[in-house]
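Chemist: The following block contains the structure, expressed as structure tokens.
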Amino acid sequence: MSRKTKLIDKQVFKKSEGKCRVCGETDYSTLDVHRIKEGKNGGEYTRHNSVCLCCKCHRKVHDGQILIGRYYLSSNGNNLLSIIENGEEKFI
């Protein structure tokens, strides 16, 4: 893992207060960083394009069970996310 990647991961973990943004899991060993806009679609690995997810929610995103509907960058630099899970849109 590159130094830049480690730094971004630390920033994302700090921004999320060490919690999964979907379910609130706090076990640090299960937390991952997920790019909101995928790399293959031009998404860069930055703290503004990343979200902290636990391994279970991260798997659900990649399996299509949780869809990231919309995301916005707030004035204080945080991601405001809309997810769709079980056909229901939630803001996290």
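The values are calculated or read from the model by the stated rules, or taken from the named source; none is laboratory data. Keep in mind the model is a prediction, meaning the values are calculated, not measured. Using ideal geometry, Cβ is built from the backbone for each residue, glycine included, and neighbour counts are taken over all protein chains shown. Surface accessibility is based on the protein's heavy atoms, side chains included, excluding ligands, DNA and RNA. Shrake-Rupley method; radii C 1.70, N 1.55, O 1.52, S 1.80 Å.
Chemist: Just to verify a number: FRET efficiency for N41 and D63, C-beta to C-beta distance, R0 = 22 Å, to 0.05? Can you show the working numbers first?
Modeler: Details: r = 18 Å, r/R0 = 0.81.
Using R0 = 22 Å, I get an efficiency of 0.80.
Chemist: At 0.36 nm per residue, minus the direct Cα-Cα distance, what do K56 and E17 gain on full extension? Give it in nm, one decimal, please.
Modeler: Numbers: separation 39, 0.36 × 39 = 14.04 nm, distance 1.81 nm.
Roughly 12.2 nm would be gained on extension.
Chemist: Could you tell me what fraction of 2.2 N^0.38 Å the Cα radius of gyration of segment 2-50 comes to, as a two-decimal ratio?
Modeler: Details: Rg = 11.0 Å, N = 49, 2.2 N^0.38 = 9.7 Å.
So the Cα radius of gyration is 1.14 times the expected 2.2 N^0.38 Å.
Chemist: As an exercise, find the ratio Rg/Rh for segment 23-64 from alpha-carbon atoms, using the Kirkwood inverse-distance average for Rh.
Modeler: Numbers: Rg = 10.7 Å, Rh = 10.8 Å.
In segment 23-64, Rg relative to Rh is 0.99.
Chemist: Within the P(r) computed for the chain, what percentage of the Cα pairs occupies the region above 19 Å?
Modeler: On the way: 1481 of 4186 pairs.
Beyond 19 Å sits 35 percent of the P(r) for the chain.
Chemist: What are the ³J(HN,Hα) values, in whole Hz, obtained from phi via the Karplus relation 6.51 cos²θ - 1.76 cosθ + 1.60 with θ = phi - 60°, for each residue of segment 23-29 in sequence order, with x given for Gly and Pro?
Modeler: Along segment 23-29, the couplings run 10, x, 4, 10, 6, 4, 5 Hz.
Chemist: Relative contact order of segment 12-69, please, whole-number percent, based on alpha carbon pairs below 8 angstrom and at least 6 residues apart.
Modeler: Details: 76 pairs, mean separation 19.9, N = 58.
Answer for segment 12-69 is 34 percent.
Chemist: Here's a follow-up. Give the aspartates and glutamates reachable from K60 as a straight Cα distance under 14 Å; neighbours fewer than 8 places away on the same chain don't count.
Modeler: Partners found: D32, E85.
Chemist: What's the carbon and sulfur percent of the chain's accessible surface, probe 1.4 angstrom, rounded to a whole number?
Modeler: Numbers: 2920 of 6080 Å².
Carbon and sulfur together cover 48 percent of it.
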